[in-house]
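Report on the structure given below.
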Amino acid sequence: MAETLISHGTGVNHGDHTHDSIESVTECILGLKAKANDKDLPGFGGLIDDWFNPDMEVDEEQFVRRFLRVFKQSDKDFTYEDILKGYDDDIQGIVNQFVDGEIDASEAAKRYTPFTTLKVPKGVVQKRGLANIIPGERNILEEHTALLRALPTSIPSRIRGLIAKIAPSLKDPKEYLYIPSYKHLEFENHGRNIRYTPTITCVPNTAQDIAEIVKYAKNKKMGVRVSGFRHSWSPVFGSARNKNENKNGDILISTLGLVDASILPNFTSLPTDLFQPEAKDLNSIVFVTHEYVNGPALANGKRYVRVGTSTTNEQLRRWCVGTGKVTLPMQIIEAEITMGGSNATICHGAGLANATLSDLVRCIEYVDANGILRKVDLSTPGILRAAAGCFGLIGVVTHLVLEFDPMSCALMEPRKVPVVEAIPPPPDMKDSDIPAPLRPKTPLTKERKAEVQKDFEIRASTHDYAEWFWFPYSSEVWVNTWKKTSDLTGAVDYPTNVKTVLQVFGTIMVNVAQNASILLNLTQALPEVQTKLLTWLTMKNLDDIGKNGKKIKTWVPDAIHFQRGVQNLRVRDLEIEFPLQPRRFPVAAESSSTQPTASELAHEPQNMSTNTTPTTGIIAPASSPTIPKQEIDFTLVQRAWWDAILTCYQEIKTCPQRMPLEMRIMSGSDVTLAPQRGHRLGTCSIEILTLHNVADIWPAYAQKVLDKWSGYKDADGKPLPVRPHWAKEWYGYKMKGQPWQEVLKNELRLDGGFREEFAEWRSLIGQLAKRDGWRVEDAKKRFGNEALNTLVWSEPPAKLMNPGVAGFAGANGKVTDSISPTTNGSLVTTGPAKTNGHVNAGTANGNAGKGKIDPKRKHDRPLKRFLAKLKAAF
């Protein structure tokens, strides 16, 4: 039940660093218990004693109840009451009854039913014209500018428009939209690192609503950006353009109601329909035929599913399990995310056979810069790959069609494993370099090390889902890897309704622990003690079936979203993706053939094919016959993991990292702007998180870890390319001494940049604009912002461009030829792009280097070059 108790003394040297306290989490909690006064914290000491008593069983429900009861009964600390004030009255009643022992978790799960009377969340004032949107965090009273305030928002926009024409006194056509909207409502993202104030915030219900918003923005010369649960940390939200260029401000479209999007706690994941967003066009889920996507008919139980972009993961999970009987092969963990948000930033799940969510997109429906509904489908696969994950730069995406698998089950086997046995240290790491609390009592034998290495590699390379979590200073790693089965018999819901309630109540417990003044005083505000307390509480909320325990057979959507209520903890998050590396074997002396480099073995050439199925697994694709099947060398994966752990210990005096280190193994990607694009053997996705309340010391720490991760080299001594998860933190950080956004914009893929990909993307989106009748310049103004326009739309500096290559976009923003690099990184002209999404002998169909140049265009080029040089000279 408890971690192994190990005492190592103080002031011990850990390689190149020392720190004063190296207590294990167990020692730390027992030390905290010794300092606690039972009068101030009634029952706190007893809970700790019982937890560590092997003869006393304290299950998860008892633990959560008893911990919360300590602070409910305390007359010296009122954190429990302060946190509960922000909750709905009924939720307060249920939590209090649970804590007092009047009801158990099972009864708490039943208290909310689909038939419970709908109530306005606490703190929101139902007054015509004014609404307090975010109680407790900002005292915001904003002007409600809905035209038809007395009418239900579910009335279709065209009917509302007709009524407005019949009753003109209800509207001011110069200022107001025909949909619910708010003026000057301050926006903050979930992580609280992005803040701005749009002129108008709109909450549409239909795709037609969005079309009207964009037309209004076009007429008013306003920008438009979109948000859902606001769960991104990068500059993908509002505009930061110069006010002189944007005098009328911007419109923010919230695909969720403002209460769902802004207020914490959020109860979307509770086992009830009460907290699900209102049904509407933008969160509809339906099957469509292959004709709808202009693609092949699917077989073996696969289906095309059309999903509205405001659909939450929780809504989709329920639909998949209860109605559709299909599943995505992977998704992100969090239930409180919209499909539009996770697709726009090319989010992913885990498993070496699984690429990104955007790789599963077979059609997108979007509103263009003119306010017209458009569609991109499999008839233009090159354009679709560019549009599938494009940060909203081409327009407002209203619906996605994705390819779903038939429903299957996961055989979950969650384990809490000693740190050195979960992901072994890299081979060259000495046992003495391992922080003392993490070392086993008896050093592992050579045979045991080989066993744990084999176990890790099998999980990473063969399990359908593979991820690892280490909470700061824990002696255990939570290992969550599993395989799938098509046998659906005996499947159970996971987590159960009881478990889901305890997970959500557990977030209350963690919030109490990090904010309780009495604990801050008890720990003398020592960051180490505070962090270890949070780790102790969090690890108790995670399942462990034991070494020979029975696997949990559940539906794949349930297994993917195994943790509910994560939204209720505000965190900061930095994540990188890097290519898995090949295992090199000695080359026979008599061999005269040239061996491929490590980089060639790890990366696809830039001119990848247009197939709609991602290149996955550890076997090189058939299109590369000269590259034999490769085994993966996980050494750099292990090094990245342990470098993060060592850095965490180096900073133990301030503990900037207070949430987990997470790692997932996944496939490469075919999506044009995916960080995983071209990773032949797969991708290591690794991230560090912390709580928002230490945001002031987080960036310097995150930069330190990033510097470690970006300093690796492959087997040939070449720098390992590292790229960010687009939704996580990257803007403002440095990569090898340069602003990271500049590296992303200007460098080639093998140097960690997107220069080739951005050029290809601009070419493909230019084709889309031409096909659909809108101007790229209008899209930039309407849907871009300063950061994204500079990064994606603008050209790299002229000094970085290959002077011998035609086809880069010129000063007018037009791309005349598609270009792609050869495997050595040089650029070659690959032919003009067609408007159907293919490229003549070029990037989109995988035949780079074979294109023929139109003779007329060939004669035009010297003149164009001369004019370009003349223009540059003056």
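The values are calculated or read from the model by the stated rules, or taken from the named source; none is laboratory data. Remember, it's a predicted structure, so these values are computed and weren't measured experimentally. Note: ideal-geometry Cβ built from the backbone for every residue, glycine included; neighbour counts use all protein chains shown.
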Subset of segment 724-777, residues within 22 Å of residue 377 (Cβ to Cβ), of a type in the set (A, V, I, L, M, F, W, C) and assigned to a loop (DSSP other than H, G, I, E, B), comes to 774
Buried (at least 24 other Cβ atoms within 10 Å of the Cβ) and farther than 24 Å from residue 385 by Cα: which single residue out of 658, 664 fits that description?
658
Every residue in segment 429-463 that is touching a Pro at 6+ places or on another chain (Cβ under 8 Å), in contact (Cβ under 8 Å) with a residue 40 or more places away in the chain and within 30 Å of residue 408 (Cβ to Cβ), please.
456
Hits in segment 747-789 - residues which are among the charged types (D, E, K, R) and either in contact with a strand residue (DSSP E or B) (Cβ under 6 Å, 6 or more places away or on another chain) or surrounded by 18 or more Cβ atoms within 10 Å (Cβ to Cβ) (or both):
747, 749, 755, 756, 757, 760, 762, 772, 780, 781, 782
Residue ID - surrounded by the most Cβ atoms within 10 Å (Cβ to Cβ), chosen from residues in segment 667-696 that are in contact with a Pro (Cβ under 9 Å, 6 or more places away or on another chain) and closer than 14 Å to residue 571 by Cβ:
688
Residues being within 34 Å of the chain's Cα centre (by Cα) and either assigned to a loop (DSSP other than H, G, I, E, B) or surrounded by fewer than 18 Cβ atoms within 10 Å (Cβ to Cβ) (or both): count how many of those fall in segment 64-92.
9
Mind checking which pairs have a first residue in segment 364-390 that is within 15 Å of residue 306 (Cβ to Cβ) and a second that is of a type in the set (Lys, Arg) and surrounded by 23 or more Cβ atoms within 10 Å (Cβ to Cβ), Cβ under 7 Å, 6 or more apart or different chains?
377/362; 378/362
State the number of residues belonging to segment 703-746 that are under 19 Å from residue 649 (Cβ atoms) and crowded, with 20+ Cβ neighbours inside 10 Å.
3
At least 1 residues that are more than 30 Å from residue 469 (Cα to Cα), among the basic types (Lys, Arg) and touching a helix residue (DSSP H, G or I) at 6+ places or on another chain (Cβ under 8 Å) in each: list the strands (runs of 3 or more DSSP E) lying fully within segment 279-379 that qualify.
303-308, 361-367, 373-377
Among the residues of segment 355-382, write down those that are farther than 15 Å from residue 769 by Cα and of a type in the set (Lys, Arg).
362
Going residue by residue through segment 736-754, is there one that turns out to be under 20 Å from the mean Cα position of the chain (by Cα) and at positive phi?
yes
In segment 406-431, how many residues are out of contact with any Gly (no Cβ under 7 Å at 6 or more places or on another chain) and farther than 19 Å from residue 479 by Cα?
7
Go through segment 468-519 residue by residue and tally those that are buried (at least 21 other Cβ atoms within 10 Å of the Cβ) and acidic (Asp, Glu).
1
If residue 514 satisfies all but one of (1) part of a helix (DSSP H, G or I); (2) modelled with pLDDT of 85 or more; (3) closer than 20 Å to residue 661 by Cα, what's the number of the condition it fails?
(2)
Does any residue of segment 197-217 turn out to be at pLDDT below 85 and of a type outside the set (Asp, Glu)?
no
Checklist (1) in a loop (DSSP other than H, G, I, E, B); (2) of a type outside the set (Ser, Thr, Tyr); (3) closer than 30 Å to residue 498 by Cα; (4) at pLDDT below 90 applied to residue 236, failing item
(3)
List, please: which pairs have Cβ atoms under 7 Å, are six or more places apart or on different chains, and start with a residue in segment 704-715 that is free of Cβ contacts under 8 Å to residues at least 24 places away in the same chain and end with one that is of a type outside the set (Phe, Trp, Tyr) and buried (at least 20 other Cβ atoms within 10 Å of the Cβ)?
713/720
